[in-house]
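Following: one structure in structure tokens, then a few remarks.
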Amino acid sequence: KISRFLSPFIEMGDTRVDDLFQKLKTHIENEEHKRVLKVSDELLTLLPNDEDVLKCKLSAYLQLSEFEHALRLLKKDPISSSSLIFEKAYCLYRLNRIEESLDVICGLADDPKSPDPRVLQLRAQLLYRLGRHSEGAGLYDRLVNQMKVESAELRANLLASYVAADLPSEALSFSPSSTFSSTFSSTFSST
């Protein structure tokens, strides 16, 4: 959510800036992403390169699926920090720049004690798209079976990866959850 960026703006002193931040907060809470962009631009004329406003603008672009705009924004100096590598990789993925996205996301440190499920899921999807099905299956398996991330989509991707990687024993022994089973059954019973 975009609203996580607004906490430092409680008392800025300038009433115009305060009013704009209040508008920004309201638009974020109401998920009015185009208005978030407009107010962010107004704020950036008063506070050029404000990192938090840029992050709000970035989040709005992502919500609107405007990945080219988001990628251009990510190249601005104040927000080119390593904390937004995932967002850059995601934009590249959505723009079908798969190998470039994988190069970017592989730069993220994979903390074995608490890996980021978003990073693992994106990396698995990228590997799958590149035809590296066994590697993708390994990451999906880690998400579903080791990290216990519950998602019908992840379970479907894990099964698809097993099949694409020509791992029939894993695919046949795959035990879908009841959620996955019901989703699978309802999807294919109507056809």
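Within the stretch 99-126, which residues are among the aliphatic types (A, V, I, L, M) and at pLDDT 90 or above? Once the filter is applied, which keeps residues that are among the aliphatic types (A, V, I, L, M) and at pLDDT 90 or above, the stretch 99-126 yields Leu102, Val104, Ile105, Val119, Leu120, Leu122, Ala124, Leu126. On inspection, Asn96 does not qualify as farther than 30 Å from Leu130 by Cα and free of Cβ contacts under 8 Å to residues at least 12 places away in the same chain.
Counting only residues that are modelled with pLDDT of 75 or more and β-branched (Val, Ile, Thr), the stretch 148-183 holds 2 of them.
The values are calculated or read from the model by the stated rules, or taken from the named source; none is laboratory data. What you are looking at is a predicted structure, and each value in this text was computed from that prediction instead of being measured. Here Cβ is always computed from backbone atoms with ideal geometry, including for glycine, and neighbour counts include all displayed protein chains.
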